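Working notes, beginning with the structure itself.
Quick note: the coordinates plus some simple rules give every number you see, no bench work behind them. The shown structure was predicted, so the numbers you read here are calculated from the model rather than taken from an experiment. Positions of Cβ are generated from backbone atoms using ideal geometry, with glycine treated the same way; all protein chains shown enter the neighbour counts.
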Amino acid sequence: MMHKTRYAVISVYDKTGITELATHLEIAGYTIIATGNTYKFLKSAGIVKLKKIEEITGFPEILDGRVKTLHPAVFGGILSVRENESHRDDLIKNGINPIDFVVVNLYPFKEMKDKDITYDEKLEFIDIGGVSLLRAAAKNFKDVTAVIDPSFYGDIILFLKNKQEIPVEVKKIYAYETFKLTAEYDVMIADFLNPDNCVGIDSDFYRNETKELSVNLKKIFNLRYGENPHQKAAFYGTETFSPFEKLSGKDISYNNLLDIDSALGIIKDFDENKTNGFFSAIIKHTNPCGAALSNISLKNAFLKARKTDEISFYGGIIGFNKKLDEETAAEIKPFFVEIILAPEYSKEALKILESKKNTIIIRYNDDFMRRKNERLSFRSASGGILVQEKDDVPDDTSGFKTVTGVKMQESVLNDLIFAWKIAKHVKSNAIVYAKNEATAGIGAGQMSRIDSAVFAREKMKNAYGEIKGFVMASDGFFPFKDSVEYAAKIGVNGIIQPGGSIRDDEVIEAANKFNIPMIFTNIRHFKH
């Protein structure tokens, strides 16, 4: 049973549901200690057993309300361990009453930091006293109930109505939620004050000599399953906005999300073509199995991309850089497709695609696509986490260098740059053949580069038969001249690669011998 005289501190920015909670606390015998605006609100609502915070502290609120609860009379009442005789003596000696409830929700800094107000005005929404009250209550959860959100009020009212103490197991859960909230709150403020202009969890990483990296992730949604159906999985994120929205289709799985990420990465590298080029890419197991640019239509780009590997296209993921139209949607409809991604959909296209109940329809966020170099890549390995910057900054083509003496046509150069962009997104060792700004053959993940070149050639033969006048891109340098010799044998008319091999001179000599222009990009894009 509860004692007749008990105290509860209430200091809330969000007044939702607080009158009902205060009423039930009062009925249960509690005297409520409230700060300025909360006191006025509760008094006007008819709460009688109500004291201003200064009646407890004997000290007025000062500094425009910056200091009001930070006082031993408050924190002594919260932090005292009830079974500790020494603590009880200290409370009696100093005339301090135990406080059993701390009901606080924090200033809405998350919302206010993005408002069109001054920097100093934003600083005023950093809560100090509220965080301190909650942390004190959560630390002493065996004796004090920390209440951080109106969603908790219903359960507490139920206990009060039944004249029950709040179970310590419940108070422990509330304490956990409290410390989780205050940790997120502090990280958000640190990001706001961060002088490096980095975002979220990235900020610590960019400081030299970083010893620790704080990662604060929230569950976005549960996934259908992990890599395999027997593995549970969920998606956690740090973004304040989602990079994409699911419009229809089945629940997203772990593998789906990996493929979505790969598709977004490729589309992002062709985002500059949004105004003057239609782009489509088809993904299978995170690798592109076809991609193409077109100046005719989105449908044409899709058909060119699909031509590369019509077998692998089955069950694939299709990404587009422009609004998906009815004509393209009608072309897709007869086939089994796992996921479709586009920045927008026409009403007619969406109606067609939504009829495919097992196909996941994704609308991605254009603002997300324009962000460059603001994210880190995480990967578990050997009991730890590998962290690196995302490889999502467009290459500066002015740094590319033609290393052969062979004259290069503009159409060849365009194909080489296109093939290089695609190779960046193919698992190493990667070889991409392309013609007319469309992939002709892709070799991914082979143990040697020449194996990838041969595999990509077989894919190209299956799709197009014997063709000539295509280019070759390699995500890594050629360790030997054999890849150039093979390229000459099959009809390659241009090569692009990073360069940097100890045998670069031999490779360049071979390219000149076979009259093949070759570009060194001086940057590598491995994808493991």
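Structure notes:
- The ellipsoid that matches the Cα gyration tensor of the stretch 6-193 has semi-axes, each √(5λ) in whole angstrom, of 26, 19, 18, with the longest given first.
- Our estimate of slack between residue 227 and residue 458, defined as 0.36 nm per intervening residue step minus the Cα-Cα distance, is 80.3 nm.
- Environment charge of residue 377, counting only residues whose C-beta is closer than 9 Å and scoring Lys/Arg +1, Asp/Glu -1: +1
- Qualifying lysines (Cα of each under 22 Å from Cα of residue 163; at least 8 residues distant if same chain): 4, 49, 142, 171, 172
- Mean separation of Cα contacts under 8 Å (6+ apart) over length of the stretch 277-374, as relative contact order %: 22
- The length gained on full extension between residue 169 and residue 385, counted as 0.36 nm times the residue separation minus their Cα-Cα distance, comes to 74.5 nm.
- For the stretch 464-528, convex hull of alpha carbons as volume per residue, Å³: 92
- Relative to the longest principal axis of the Cα atoms of the chain, the long axis of helix 410-423 makes an angle of roughly 40 degrees.
- Euclidean distance of C-alpha centroids, the stretch 73-108 and the stretch 482-528, integer Å: 75
- Taking the average, over residues, of other Cβ atoms within 10 Å as the packing measure, peptides 277-287, 41-51 rank 277-287, 41-51 from highest down.
- Percentage relative contact order, the chain, counting C-alpha pairs under 8 Å, at least six apart: 8
- Proportion of all alpha-carbon pairs of the chain beyond 37 Å (%): 49
- Prolate/oblate/rounded label for the stretch 397-520 (Cα gyration tensor, a/c 1.5): rounded
- Point-to-point label distance, residue 336-residue 62, nm (Cα→Cβ direction, 7 Å offset): 7.4
- The chain, helix-only ellipticity at 222 nm - DSSP H runs n ≥ 4, -39,500 (n - 2.57), divided by all residues, nearest 500: -10500 deg cm²/dmol
- Under 5 Å, built H, 5+ apart or other chain: amide partners of residue 127: 107
- Comparing Cα centroids, the stretch 265-323 and the stretch 19-67 end up 62 angstrom apart.
- Using 0.36 nm per residue and subtracting the Cα-Cα separation, the extra length available between residue 367 and residue 512 on full extension is 47.8 nm.
- Rel. contact order, % - alpha carbon contacts under 8 angstrom, at least six apart, the stretch 124-187: 41
- For the stretch 295-337, GluC sites (Glu not before Pro) meeting the loop criterion (DSSP other than H, G, I, E, B) and having at most 16 other Cβ atoms within 10 Å: 310.
- Three-way shape label, the stretch 243-370, alpha-carbon gyration tensor, a/c 1.5: rounded
- Förster radius 45 Å - calculated FRET efficiency between residue 48 and residue 261, Cβ distance, rounded to 0.05: 0.20
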